[in-house]
Amino acid sequence: MAKGSVRKKGKKWYARFYIEDESGRKVQKEFVGTESKSETEALLRKAIADYEEKKFVAKSENITVGMLLDLWVEEELKPGNLSNGTVMSYQGTVNRIKQYPIGNRKLKTVTADHLQAYIDFLSFGGANPDGTTAKALSKGYLRLFSAVLQGAFRFAVFPKRLITFNPMQYVVWRGKKEEYELFSDEDGETASTPTLSYEQYQRLEDFLKKKNNPALLPIQIAYYTGLRIGEVCGLTWQDINLEEQYLTVRRSMRYNGARHKTEIGATKRKKIRTVDFCDTLAAILKAAKAKQHKNRFRYGELYSLNYYLEVKEKDRTYYEVYSLPRSEEVPEGYKELSFVCLRPDGAFEAPSTVGIMCRTARKKVEGLEDFHFHMLRHTYTSNLLSNGAAPKDVQELLGHADVSTTMNIYAHATREAKRTSARLLDKVIGEE
């Protein structure tokens with residue numbers, strides 16, 4: 001019989017109990033309960049009963065690929081080189097894999113052919129289990145799925161010893177071959193990274209201003225700085241120097257689907273960077289700060305303040321974000337944050353709500369049918385490169401790992417820019 005206990009952390013009670021894994025080791029499982037000790041004890045008794053009823057499944061011959069993936073997440077995705085954002089991406093990928101037939105297949109029956117067929121499905125697209133059509137995944141997503149399956153099957157071989165070899169080692173990516181039209185009438189122009197013209201950006205800005213929508217400020221900041229959506233929403237006023245016109249990118253905001261919490265954490269590259277901005281954005285930020293000051297008085301006790309709470313779970317630290325009205329007592333452990341992007345009532349503007357507004361604009365604003373928030377980052381980069389900015393400087397402003405990433409993704413010159421570059425040779429010849 002599994003044994004367990006409850007303990008209080010902050011205002012909530014946590015329950016934990018020990019189970020035996022497939023190799024006979026004692027493993028602790030802990031979960032958050034409620035603010036009531038008796039309710040948490042009841043949840044613990046139910047969890048132990050469920051375990052006792054289902055523990056026969058832990059025998060290696062009964063384990064499915066989906067169960068292996070859950071076990072891998074539970075035991076392997078621990079603090080170390082992986083950020084909370086990476087862990088969250090892996091968890092989301094695991095949940096997607098489990099929705100497909102491969103997730104229900106018994107681990108001991110899985111062959112390289114099964115896994116190859118699944119990777120091919122992700123690479124080329126096809127019919128989903130629910131009958132809908134799945135599009136081919138991008139290379140970035142394919143790498144994510146491959147990394148999860150590689151890691152989980154290596155884990156199954158060692159240290160779990162559930163199988164004797166890793167079938168994923170024989171799986172390859174078989175992307176679509178590009179067709180080459182030898183006698184085509186096309187002019188050879190390649191598709192460029194999608195960007196917004198200034199006129200399109202103005203239409204977007206006007207649309208949001210008319211609706212008085214709080215997504216306006218995040219979109220303006222991204223257009224003039226190239227920040228990612230989570231980085232924009234994670235900005236605080238302490239990160240912005242209005243006098244010298246630069247901001248410091250320290251953190252990113254994201255929604256953790258596995259924990260059902262909005263969190264702040266490190267940026268994608270886990271590096272702090274400084275981004276200078278222009279007079280136009282400086283004026284926008286000054287106006288936004290003044291408006292927030294007015295709203296604070298206008299809403300009075302109903303105005304919300306924003307906080308983060310440090311939470312430790314399974315040896316990993318999370319920073320949860322909360323908004324509370326000024327009239328509400330601040331719980332123990334809550335620390336205030338002065339976010340830049342706010343709703344009129346003072347509550348923080350989350351990436352998810354900004355994303356919803358971007359999808360609305362895509363439907364409502366003419367010429368923005370393909371718009372998404374990340375296009376603002378593309379546009380910022382394209383504007384800098386096409387106006388003579390040094391690629392190395394652009395790389396540092398964007399926070400890319402190296403300059404080749406910047407150039408590979410964004411250096412798709414326009415027809416006119418390429419024509420101008422080619423004609424530079426005329427100037428060289430003319431000077432001789």
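The phi-based Karplus calculation (6.51 cos²θ - 1.76 cosθ + 1.60; θ = phi - 60°) puts the 3J(HN,Hα) values of the stretch 232-238 at 4, 5, x, 5, 10, 5, 5 Hz, whole numbers, x for Gly and Pro. Per-residue Karplus couplings for the stretch 99-107, computed as 6.51 cos²θ - 1.76 cosθ + 1.60 with θ equal to phi - 60°, are listed in order as 7, 9, x, 4, x, 8, 6, 4, 4 Hz, Gly and Pro entered as x.
Surface exposure of the stretch 307-389, expressed per residue as accessible area with a 1.4 Å probe, stands at 51 Å². Once backbone amide H atoms are built at 1.01 Å from N, Gln99 has no partners under 5 Å, excluding neighbours fewer than 5 places away on the same chain. Across the stretch 268-274, coupling constants 3J(HN,Hα) worked out from phi with the 6.51/-1.76/1.60 Karplus curve, θ = phi - 60°, read 4, 9, 6, 10, 7, 9, 10 Hz, and Gly and Pro carry x. For the stretch 260-351, the Cα gyration tensor yields ellipsoid semi-axes of 25, 22, 9 Å (square root of five times each eigenvalue, largest first, whole Å). A convex hull fitted to the Cα coordinates of the stretch 76-146 yields 110 cubic angstrom per residue.
The values are calculated or read from the model by the stated rules, or taken from the named source; none is laboratory data. Since the structure is predicted, the reported quantities are computational estimates derived from the model, not experimental observations. When the accessible area is computed, the model is the full protein with side chains, heavy atoms only, and any ligands, DNA or RNA have been set aside. Shrake-Rupley method; radii C 1.70, N 1.55, O 1.52, S 1.80 Å.
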